[in-house]
Amino acid sequence: MAETLLKVENLKKYFPIKAGVFQRTVGYVKAVDDVSFELKEGETLGFVGESGCGKSTTGRTILRLLDKTDGNVYFEGKDIFSLSRKELRSIRPKMQIIFQDPYSSLNPRMTVGEIIGEALVDHKIVSKGEVKDRVLEALEMCGLAPYHIRRYPHEFSGGQRQRIGIARALVLNPKFIVCDEPVSALDVSIQSQIVNLLCDLQQKFGFSYMFISHDLSVVKHISHRVGVMYLGSLVELAEKHELYKNPLHPYTKALLSAVPIPDPTLKRERIILQGDIPSPANPPSGCKFHTRCPYKKDICSQEVPKFRDVGGGHFVSCHLV
Ligand code: SF4
């Protein structure tokens, strides 16, 4: 059994809403609201949900790119938020991120060699003389050619730019990578190449991924387990085959009913959710999904359902399950 690499406990990230001449805090946007999960070594945990549900903010808060409001994050047993600047700096190379938009995340004035080698120099991971060799190695692992080292980001296609983003992360020899919608901006044919590259690299080096996407098919392909987020909270989390075959939360059922089946003889009943996703600044009471849930009961608007294991590591938060 693989070791636990990352443990997230009751993580909250609220952004203050300021108003008036004195910019007083008049409320909070609850972007991440009580999220808990664990990630094993070599595992991919997919995160799905509508835009604005808090997937990316969760990933960035775990990496301490954002300060937390409450909760704990343990990486290799160390509490990330209690580390000093120096300690955090030494752990940074092990925790990397791949961004959604490979173009805006690459400095257009730097060559690919400088972009990939920058963190190696910054963290003094190798001597200056070895940087080029490490960069060339990373380029090759990501399917890029040695001569690309002298090129600039604008000379590459979207897929190649994402490969540069991946090379920049893996050159530091990380253990955990947050993949923040890494294929959403790419053509479908290129998406599969990037997803396969991530899978190959995981097999070779044993990386753990938190893979964020709104595309359930992509998440199913790459993940071992999948978590579904709604309005800042995890509503369901299970092994991927279990979740796709036996979704328990009404929101997961609705999301899955919208995924096309590649067989014209099979039909799936589409569940259309009524209403818009509520504002995370003013989430509904009780179960946050009750304003859109076709199965809601009186208790749903009064009590927050517990996120609990209903058997075999299948977690769900719903009063009716
Ligand atoms: Fe629907 Fe109630 Fe379950 Fe929430 S707790 S998902 S409102 S049935």
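Please indicate, with yes or no, whether at least one residue in the stretch 16-31 is surrounded by 16 or more Cβ atoms within 10 Å (Cβ to Cβ), closer than 23 Å to residue 307 by Cβ and of a type in the set (A, V, I, L, M, F, W, C). Yes: one or more hits. Taking the criterion of being surrounded by fewer than 15 Cβ atoms within 10 Å (Cβ to Cβ) and either aromatic (Phe, Trp, Tyr) or on the phi < 0 side of the Ramachandran plot (or both), the residues of the stretch 270-288 that qualify are 270, 271, 272, 274, 276, 279, 281, 282, 285. Note down all Cβ pairs under 6 Å where the first residue falls in the stretch 170-189 and is at positive phi, the second is buried (at least 21 other Cβ atoms within 10 Å of the Cβ) and not aliphatic (A, V, I, L, M), and they're at least six residues apart or on different chains. Between residues of the stretch 170-189 that are at positive phi and residues that are buried (at least 21 other Cβ atoms within 10 Å of the Cβ) and not aliphatic (A, V, I, L, M), the close pairs are 181/213.
Of everything in the stretch 1-28, what is out of contact with any Ser or Thr (no Cβ under 8 Å at 6 or more places or on another chain) and hydrophobic (A, V, I, L, M, F, W, C)? Give them in sequence order. Residues satisfying the conditions are 1, 2, 15, 19, 21, 22, 26.
Name the single residue that is modelled with the highest pLDDT among those in the stretch 69-91 being assigned to a strand (DSSP E or B) and open to solvent by 70 Å² or more (accessible area, probe 1.4 Å). Looking at residues that are assigned to a strand (DSSP E or B) and open to solvent by 70 Å² or more (accessible area, probe 1.4 Å), I get 70. Could you go through the stretch 115-130 and let me know if any residue there is loosely packed, with under 15 Cβ neighbours inside 10 Å, in contact with a strand residue (DSSP E or B) (Cβ under 8 Å, 6 or more places away or on another chain) and free of Cβ contacts under 8 Å to residues at least 12 places away in the same chain. No, every residue in the stretch 115-130 fails to be loosely packed, with under 15 Cβ neighbours inside 10 Å, in contact with a strand residue (DSSP E or B) (Cβ under 8 Å, 6 or more places away or on another chain) and free of Cβ contacts under 8 Å to residues at least 12 places away in the same chain. What number of residues within the stretch 144-155 are without any contact (Cβ under 8 Å) to a residue 40 or more places away in the chain and open to solvent by less than 40 Å² (accessible area, probe 1.4 Å)? Number of matching residues: 4.
Would you point out which residue out of 216, 198 is in contact with a helix residue (DSSP H, G or I) (Cβ under 8 Å, 6 or more places away or on another chain), within 20 Å of residue 98 (Cα to Cα) and open to solvent by less than 10 Å² (accessible area, probe 1.4 Å)?
Answer to the selection: 198.
In this structure, does residue 261 turn out to be open to solvent by less than 80 Å² (accessible area, probe 1.4 Å), over 20 Å from residue 54 (Cα atoms) and of a type in the set (A, V, I, L, M)? Criteria met by residue 261. Sub-6 Å Cβ pairs linking a first residue in the stretch 44-66 that is closer than 15 Å to residue 182 by Cα to a second residue that is in a loop (DSSP other than H, G, I, E, B) and open to solvent by 10 Å² or more (accessible area, probe 1.4 Å), at least 6 apart or interchain, are 44/224; 60/66, ordered by first then second residue. On the basis of being closer than 21 Å to residue 43 by Cα and open to solvent by less than 60 Å² (accessible area, probe 1.4 Å), does residue 240 make the cut? In short, yes.
The values are calculated or read from the model by the stated rules, or taken from the named source; none is laboratory data. Treat the numbers as computed from the prediction; the structure is a model and nothing was measured. Backbone-built Cβ (ideal geometry, glycine too); neighbour counts: all protein chains shown. SASA here: full protein model, heavy atoms, side chains in, ligands and nucleic acids out. Shrake-Rupley method; radii C 1.70, N 1.55, O 1.52, S 1.80 Å.
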